[in-house]
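The values are calculated or read from the model by the stated rules, or taken from the named source; none is laboratory data. Source: prediction; values computed, not measured. Here the Cβ positions follow ideal geometry from the backbone for every residue, glycine too, while neighbour counts run over all protein chains shown. Quick note on the areas: whole protein, heavy atoms, side chains included, nothing else; ligands and nucleic acids left out. Shrake-Rupley method; radii C 1.70, N 1.55, O 1.52, S 1.80 Å.
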Amino acid sequence: MTRVKVNPSNRDKEISRIIEISGENIYSCMQCSKCSASCPANSEMDILPHQVVRILQLGNYERIVNSQTIWNCASCFTCGARCPRDIDITKIMEAIRLTVIRNKGESRIDVDELPEKIDDKMPHQAIVSVFRKYRK
Ligand code: SF4
Ligand code: SF4
């Protein structure tokens with residue numbers, strides 16, 4: 001097995017931006033996996049929350065941004081509440097999404113399409129959540 005050393009000083013500008021936006025210290029993660037075990041959306045994720053943190057530590061930005069995990073995270077804050085190191089992965093997921101959207105220079109949802117997609121039963125909180133998650 002190849003051993004890879006985590007070296008915070010080697011991180012690229014995208015990883016630095018994620019750390020800056022989220023305000024979280026990804027290097028204090030000890031890979032206990034409590035976040036992944038408690039995540040209600042883990043069955044919908046191709047990379048589990050603790051793996052997201054590990055991949056960020058290793059500086060593999062491309063692996064993260066090409067995963068479905070960041071879009072399937074429900075921003076429920078459960079992972080942060082369970083983390084023994086007080087790492088709030090909800091904020092990290094949000095920061096990753098923001099970097100993707102900003103780098104693409106476009107939003108993932110078109111406001112003009114919304115009336116067709118909204119029905120009377122949709123809670124207002126869900127609509128606000130969509131804007132937080134998919135708009136620049
Ligand atoms: S619960 Fe916290 S310390 Fe444990 S793997 Fe998740 S982020 Fe890392
Ligand atoms: S905020 Fe996202 S990653 Fe964390 S427990 Fe909720 S769904 Fe899972």
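Miscellaneous remarks
- Along each principal axis, Cα extent of segment 11-105, largest first, Å: 33, 26, 18
- For a label point 7 Å along the Cα-to-beta-carbon line of Ser33, residues of segment 53-79 with backbone N under 14 Å: 54
- Averaged over its residues, segment 11-105 has an accessible area of 47 Å² per residue, based on protein heavy atoms and a 1.4 Å probe.
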